[in-house]
1. Tally the residues that are among the aliphatic types (A, V, I, L, M), within 18 Å of the chain's Cα centre (by Cα) and over 16 Å from Phe83 (Cβ atoms), restricting the search to the stretch 32-71.
2. Within the stretch 1-44, how many residues are exposed (fewer than 13 other Cβ atoms within 10 Å of the Cβ), of a type in the set (S, T, N, Q) and in contact (Cβ under 8 Å) with a residue 24 or more places away in the chain?
3. Out of Glu99, Glu93, which single residue is buried (at least 16 other Cβ atoms within 10 Å of the Cβ) and touching a residue at least 12 places away in the same chain (Cβ under 8 Å)?
4. Just a yes or no: is a residue in the stretch 60-67 free of Cβ contacts under 8 Å to residues at least 60 places away in the same chain, under 19 Å from Val128 (Cβ atoms) and touching a Lys or Arg at 6+ places or on another chain (Cβ under 9 Å)?
5. Filter the stretch 65-87 for residues that are of a type in the set (Phe, Trp, Tyr), modelled with pLDDT of 95 or more and either loosely packed, with under 14 Cβ neighbours inside 10 Å or out of contact with any helix residue (DSSP H, G or I) (no Cβ under 7 Å at 6 or more places or on another chain) (or both) and give the result.
6. With the condition kept exactly as written, say whether any residue in the stretch 24-44 is among the charged types (D, E, K, R) and modelled with pLDDT under 90.
7. Restricting attention to strands (runs of 3 or more DSSP E) lying wholly within the stretch 1-100, give those where 1 or more residues are of a type in the set (S, T, N, Q).
Amino acid sequence: MKILIAADGSPHTKRMLAYIAAHDEWLGQLPAYAVIHSVLPVPPHAAVTVGKDMLKSYYESEAEKVFTPIRKFFKQQSLVARFLPKVGDPAVEIARLAETSKFDLVMIGSHGRGTLANLVLGSVVTKVLASCSTPVLIVR
């Protein structure tokens, strides 16, 4: 089973990792994990002023802030994962990767807000559900 874990570094990501540790038995023998984190792009007018190298370094360091504790978790659990940093809208990047790489499952943490909050604030989870044909497991 190929599992895409959408991570943002929040407490919701930590709950999702705890869920994996507690419920690994139903995921089958040796699932193939991949972890995606999407950094929001720097506005074009600002990106031009900082230069490509500095921008690349910024994106890499922001992704690594999220990936470092997840790498530690996978090592402690004796699990292997690929880490896939992206730049762009998180919902778009998650759905695109799930589809193009033919993942069997997307795991994503959610804060559990109600429908009204989603209408006002928007939700990565809601957008992923709406644009992805891959099954999505929401961990709250």
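1. Count: 1.
2. Result for the stretch 1-44: 1.
3. Just one listed residue meets the conditions, Glu93.
4. So the first thing to find is which residues in the stretch 60-67 are free of Cβ contacts under 8 Å to residues at least 60 places away in the same chain, and the list is 60-66.
Retained after the next criterion (residues that are under 19 Å from Val128 (Cβ atoms)): 63, 66.
Subsequent filtering for residues that are touching a Lys or Arg at 6+ places or on another chain (Cβ under 9 Å) retains 63.
Checking the stretch 60-67: at least one residue is free of Cβ contacts under 8 Å to residues at least 60 places away in the same chain, under 19 Å from Val128 (Cβ atoms) and touching a Lys or Arg at 6+ places or on another chain (Cβ under 9 Å).
5. Matches in the stretch 65-87: Phe67 only.
6. Yes, the stretch 24-44 contains a residue that is among the charged types (D, E, K, R) and modelled with pLDDT under 90.
7. Details: elements: 2-6, 32-39, 81-87.
Ranges flagged: 32-39.
The values are calculated or read from the model by the stated rules, or taken from the named source; none is laboratory data. It should be emphasised that the depicted structure is a prediction, and the values quoted were computed from it without experimental measurement. Cβ atoms come from the backbone with ideal geometry, glycine included; neighbour counts cover every protein chain shown.
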